[in-house]
Amino acid sequence: MMAADLNISHILQDLCHPPYNANQLCCKNEDKNNNINNAGIAEEPWLLTSVVTQSQEQEHTHKQGSERSFKTQVKEDETKHPRGHLCNSPVSPKNSNNKNRTDQSTSKPNISTKSSVFEKWAAMDRANQRPLAKRQLSDISKAFTSTAVKKTLVKEEDQTREKVQSSATQQDRRNDQIILNQRGSRRKLQKELISSTDDFYRVDTHAISAGQELKSKKIFSVQTIARTITKGTSTDLERLRAIWIWLCHNIEYDLNGYLGLTEKVCSAEQVIETGRGVCCGYSSVCLQLCREAGIECREVAGHGKGIGYKLGQSYQNTKSNHMWNAVRLEDHWYLLDACWGAGRVDMDSKAFIKRYNEFYFLTDPEDFINSHWPDEKEWQLLESPIKLEEFEKSVLKTSEFYKLGLTLVHPKQFLLKTEDGEASISMRFSQPVEFTYEISQHHSGEQKELSTSMGLLTVTQNSMKLHLMLPTSGTFDIMLFARPGHTSGKFSWVCSFLLECNEPKTSENLPENPYLYWGMTQNAEDLGMKPCIHGSEAILLKSGSSELVLQTSRPLMMLCEISHKDLDDTLAKRCLATQIEADKLTCSILCPYIGYYRLSVFVRDYESDRNSFQNVGNFLLHCIANPINLNQLLPPDLSHFCGPGIRTDDAGLSKFSHTAAIVKTQQGKCNITFQNQQDLDLHAILKHSKEQSGHPLSQHIFFTHNGSKVTLSVALPEPGVYKLSLYGKTPSNQEFNMLCDFILQNSSESSWPPFPYTYTAWRKGSVLFEPRSGLLEPLCWVQFRVRVPGARRVTVLGEERVDLQLNKSHIWEGEVFTGNVEQIKLAASQEETSDQMDILMSFDVLKPQNEM
């Protein structure tokens with residue numbers, strides 16, 4: 001029987017050369033004037049050259065040589081959408097010279113034609129062979145897998161047109177309808193059929209290597225190819241996989257044919273031999289290879305959203321522009337598109353980009369319908385088929401959208417309309433995903449890219465929201481891009497929307513956000529941050545002074561930056577103070593202008609100074625009243641450790657009376673107390689932005705040690721903002737370490753005198769009760785009260801030497817007359833009878849008024 005089959009095959013090839021199926025007839029030729037209206041390489045589409053985030057393709061590129069002008073609507077569309085998935089030219093009827101076409105597959109008696117040779121041959125073996133998919137050409141039959149698109153045969157002299165449509169046999173069609181309408185077992189999802197592409201490693205590797213060997217030997221027989229690439233397979237799924245891999249790796253899209261620069265290649269024989277074809281070429285070869293492998297397969301015609309596609313484009317009363325395949329596995333039909341799986345077209349360079357796309361192999365119908373709408377609704381393979389109007393309104397999603405596991409929450413259609421100048425887009429996902437976006441406006445027939453400051457993008461571990469606020473009316477294109485979370489690869493385009501704004505948002509433009517996300521970033525928790533109540537919405541500030549508190553799960557270092565349209569870098573540094581504690585981070589903020597601010601927060605682990613700071617949050621602040629005067633901004637050169645925090649904790653300082661970084665005083669003086677458990681040597685430095693006349697600022701601070709309790713007294717000479725820096729060291733260390741900065745905001749107009757000047761003999765435990773001022777009036781009596789641990793004798797040295805008396809409370813006290821001396825000194829001795837005394841401190845005596 002095999003020998004008979006081969007002989008008949010050769011005879012039929014001689015009689016019917018070259019054999020075509022209906023789809024091949026539809027796709028072979030173009031009009032003389034290359035009119036390809038309604039044609040589109042319905043590829044996935046749509047990758048625009050203006051997208052800077054689009055991946056740079058490194059794959060093999062099939063360059064298209066010649067350039068010819070052609071006047072079509074598709075050309076215009078391609079100019080606007082220069083890149084995309086492979087989409088096909090329309091399926092079109094061809095002049096068949098009144099000859100019946102036969103299937104390429106002749107090794108099996110399953111070909112139904114009008115030829116008596118075929119009928120006799122099919123009748124002989126029908127009882128012995130399992131029936132496969134059959135095709136029959138008829139000028140009056142309804143298309144089952146493709147809708148004819150009118151074409152004109154280029155070389156035909158009489159320019160007559162003939163509609164040729166393909167269909168399955170009536171019996172096959174009835175069987176298909178029965179199977180498609182069955183409500184029995186559930187069709188498996190793509191992820192259930194293919195748990196991992198690694199499962200196909202052996203099949204894929206063999207199909208690729210076998211395909212290369214067949215090509216090198218110039219073997220183009222469908223039968224030989226099918227037999228060779230499926231060798232070693234054991235299931236229909238493996239055989240189909242081998243066919244799919246061979247198609248995607250051996251056939252390139254016929255871009256020259258699509259553009260009308262050369263004659264289209266559609267017949268299976270030509271597609272295989274030349275290694276190029278349009279969509280119907282892919283589907284036709286897939287059909288014949290499946291037949292040879294014993295897999296039921298259909299060609300499905302319909303509309304594809306690809307190159308030339310515009311959001312909102314209507315397909316009403318237009319002919320099909322794309323073809324793909326349906327295959328039957330385990331009594332269920334599945335969908336695949338090898339044309340879109342093989343790569344995409346770059347219309348800028350007029351080149352086909354080989355870029356294998358796994359997504360279009362046995363795609364779930366619920367996802368496939370987003371970009372493929374079949375002419376016959378049964379081939380949607382959906383329990384509730386959608387209407388063409390719904391397909392037209394659906395959001396344009398790429399294969400990357402589904403690969404990343406995205407689910408669109410809002411909107412459900414591509415068209416967005418603003419309310420009060422605002423609109424939003426939201427998604428959810430199960431695995432971390434990072435996003436970016438582009439906004440462009442339609443203006444005089446051109447696309448003008450706009451700033452991303454018109455949107456607020458918030459991304460969490462499982463959700464994304466883009467809040468758009470348009471300052472001008474018009475029509476806008478919104479393109480969203482994404483990539484897997486915690487990666488540094490390129491962003492891929494995932495979906496697009498059209499936004500109509502009739503009433504713009506009448507408000508100040510938002511600040512630029514170079515870090516893109518608003519609110520906490522997606523990886524903030526991984527970096528040690530706890531959830532935060534602030535998202536992308538603006539934080540309303542009714543005064544120019546505020547603070548942001550962020551909770552942490554471990555000790556972190558923090559840096560902050562703030563921006564405003566009128567704020568320069570120098571002033572910006574004087575608007576922020578950071579306080580770092582073991583379990584929280586606080587940023588004190590001053591706003592000198594009304595309007596919107598961006599506050600960005602960066603962190604790293606406290607213990608690891610090798611790690612770089614990473615952005616964990618960007619917050620939109622809106623100051624609506626009472627901005628801070630520029631003279632009241634924070635002191636320059638603040639450290640990152642403002643206020644008590646992790647450094648003071650490590651140093652053993654605790655129980656601070658003032659726990660915030662900013663200390664406000666309305667009297668011009670204050671006492672900051674704390675516990676010094678480790679008995680550190682302490683030092684403080686007071687600074688003001690303006691130069692001070694008179695006594696140095698070091699005399700306006702005074703330490704008092706009473707056991708472990710320390711009191712740091714401050715008396716400020718004039719109003720303003722001061723920086724008080726606290727240092728400490730252990731007795732074994734030579735240098736003081738910076739512990740923290742306090743910001744002192746003094747609103748008092750009073751001018752407080754300095755404290756007495758202290759010497760090294762003034763040690764811990766010594767307490768000055770009075771006089772506290774370092775400036776004494778002349779010619780007056782002054783009460784002295786002081787505690788000096790271990791002293792046997794305490795004396796005041798002025799015009800006269802006055803020994804203070806020790807009372808029952810162990811306080812040395814007495815009255816001293818200042819007279820006309822310039823300075824009075826306090827001294828102590830450890831021995832009662834010794835004349836050698838240590839100077840503890842000195843007081844300046846003011847000059848008499850008449851001398852002044």
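Quick note: the coordinates plus some simple rules give every number you see, no bench work behind them. Just so you know, these numbers come straight off a predicted model, no measurement behind them. Every residue, glycine among them, receives a Cβ derived from its backbone with ideal geometry; neighbour counts consider all protein chains shown.
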Measure out, as a whole number of angstrom, how far apart the alpha-carbon centroids of segment 320-358 and segment 624-664 sit. 62 Å
Using each residue's phi in segment 227-235, evaluate 6.51 cos²θ - 1.76 cosθ + 1.60 at θ = phi - 60° and report the 3J(HN,Hα) Karplus result to the nearest Hz, with x for Gly and Pro. 5, 6, 6, 9, 4, x, 7, 10, 10
Tensor-based shape of segment 646-746 (alpha-carbon gyration tensor, a/c under 1.5 rounded, otherwise prolate or oblate): prolate
Amide H neighbours of LEU456 under 5 Å, at least 5 residues apart or on other chains, H built in the peptide plane: list them. HIS467, LEU468, MET469
So for the pair HIS443, SER463, with labels modelled 7 Å out along Cα→Cβ, what separation do we get in nm? 3.5 nm
Length gained, TYR356-LEU779, 0.36 nm per residue minus C-alpha separation, equals 142.4 nm
Spatial separation of Cα centroids for segment 780-820 and segment 529-565, in angstrom: 53 Å
Using the beta-carbon distance between ALA761 and LEU630 and R0 = 45 Å, what value does 1/(1 + (r/R0)^6) give for FRET efficiency, to the nearest 0.05? 0.50
Go ahead and collect, in residue order, the members of segment 365-382 whose backbone nitrogen is under 15 Å from a label point 7 Å along the Cα-Cβ direction of THR318. 371-375
Over 19 Å (Cα to Cα) among LYS729/LYS764; LYS565/LYS690; LYS215/LYS354 -> LYS565/LYS690
Arrange the peptides 813-823, 838-848 so that the one whose residues have, on average, the most other Cβ atoms within 10 Å appears first. 838-848, 813-823
Stokes-Einstein diffusion coefficient for segment 747-844 at 10 °C in a medium of 1.306 mPa s, Rh from the Kirkwood formula over Cα pairs: what value in µm²/s? 115 µm²/s
If each of ASP803 and ARG554 carries a label point 7 Å out from its Cα toward its Cβ, how far apart are those two points in nm? 6.5 nm
Work out the FRET efficiency for VAL409 and GLN677 from their Cβ-Cβ distance, taking R0 = 51 Å, and round it to the nearest 0.05. 0.40
Report, by chain and number, residues whose modeled amide H sits under 5 Å from the one on GLN413, excluding near sequence neighbours (fewer than 5 apart, same chain). none
Consider a paramagnetic label point 7 Å from the Cα of GLN431 along Cα→Cβ; state which residues of segment 463-496 have an amide N under 16 Å from it. 463, 482-492
For segment 314-321, Karplus couplings with θ = phi - 60° (6.51, -1.76, 1.60), whole Hz, Gly/Pro x: 8, 10, 5, 6, 10, 8, 4, 10
Give the peptides 753-762, 331-340, 214-223 in descending order of average Cβ contacts within 10 Å, highest first. 331-340, 753-762, 214-223
Interchain or long-range residues, amide H under 5 Å from LYS655's placed H: GLN675
Scalar couplings 3J(HN,Hα) for segment 190-200 by Karplus 6.51 cos²θ - 1.76 cosθ + 1.60 (θ = phi - 60°), nearest whole Hz, x for Gly and Pro, are 4, 5, 7, 6, 10, 5, 7, 5, 4, 4, 9
SER639-LYS393 pseudo-label distance in nm [points 7 Å out on the Cα-to-Cβ vector]: 6.3 nm
Shape of segment 580-711 from its Cα gyration tensor (a ≥ b ≥ c, root eigenvalues): rounded if a/c is under 1.5, otherwise prolate when a/b > b/c, or oblate? oblate
Looks like segment 305-388, by Cα gyration tensor root eigenvalues a ≥ b ≥ c and the a/c under 1.5 rounded cutoff (else prolate when a/b is bigger than b/c, oblate otherwise), is oblate
